[in-house]
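Trainee: Submitted below is the structure of interest, expressed as structure tokens.
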């Protein structure tokens, strides 16, 4: 299920913790990599190493990101938009694809 922009529960969340795949519980993002991009969906500048796969959409306009463990759709990644982040990337992730886990160590379900 895809939610309209600005309606997801994690769009404005700024607590410390990890964002895990809602499908399988794999840790995908640290909260410190989350930023407010103004896109209406949670945005991250990088995922945890090896946690996210990238593949071009069939139309070639965007790059889809999926959970490396279960293949669940997370959203899309965009490069070169000028955000002052270390990677110059914006992972635009739908809130229904992730689950926030507070704390300083990634948890899996």
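Trainee: What single numbered condition from (1) out of contact with any helix residue (DSSP H, G or I) (no Cβ under 8 Å at 6 or more places or on another chain); (2) within 19 Å of residue 89 (Cβ to Cβ); (3) part of a loop (DSSP other than H, G, I, E, B) fails to hold for residue 70?
Mentor: Among (1) out of contact with any helix residue (DSSP H, G or I) (no Cβ under 8 Å at 6 or more places or on another chain); (2) within 19 Å of residue 89 (Cβ to Cβ); (3) part of a loop (DSSP other than H, G, I, E, B), residue 70 violates only (2).
Trainee: Same structure again: Which of (1) out of contact with any strand residue (DSSP E or B) (no Cβ under 8 Å at 6 or more places or on another chain); (2) surrounded by 13 or more Cβ atoms within 10 Å (Cβ to Cβ); (3) under 21 Å from residue 17 (Cβ atoms) is the odd one out, the single condition residue 27 does not satisfy?
Mentor: For residue 27, the exception is condition (1).
Trainee: Answer with yes or no whether residue 75 is touching a helix residue (DSSP H, G or I) at 6+ places or on another chain (Cβ under 9 Å) and either over 13 Å from residue 18 (Cα atoms) or not in a strand (DSSP E or B) (or both).
Mentor: It is true that residue 75 is touching a helix residue (DSSP H, G or I) at 6+ places or on another chain (Cβ under 9 Å) and either over 13 Å from residue 18 (Cα atoms) or not in a strand (DSSP E or B) (or both).
Trainee: Which count do you get for residues in segment 38-50 that are in contact (Cβ under 8 Å) with a residue 24 or more places away in the chain, surrounded by fewer than 19 Cβ atoms within 10 Å (Cβ to Cβ) and under 24 Å from residue 104 (Cα atoms)?
Mentor: 2
Trainee: Would you check which residues across segment 33-55 are over 11 Å from the mean Cα position of the chain (by Cα) and either at pLDDT 95 or above or at positive phi (or both) and list them? Step through it out loud before you land on a result.
Mentor: Just the residues of segment 33-55 that are over 11 Å from the mean Cα position of the chain (by Cα), to begin with: 36-40, 49-50, 53-55.
Across segment 33-55, the qualifying residues are 38, 40, 49, 50, 53, 54, 55.
The values are calculated or read from the model by the stated rules, or taken from the named source; none is laboratory data. Computed from a predicted structure; not experimentally measured. Counting neighbours? That spans all protein chains shown, and the Cβs are built from the backbone with ideal geometry, glycine included.
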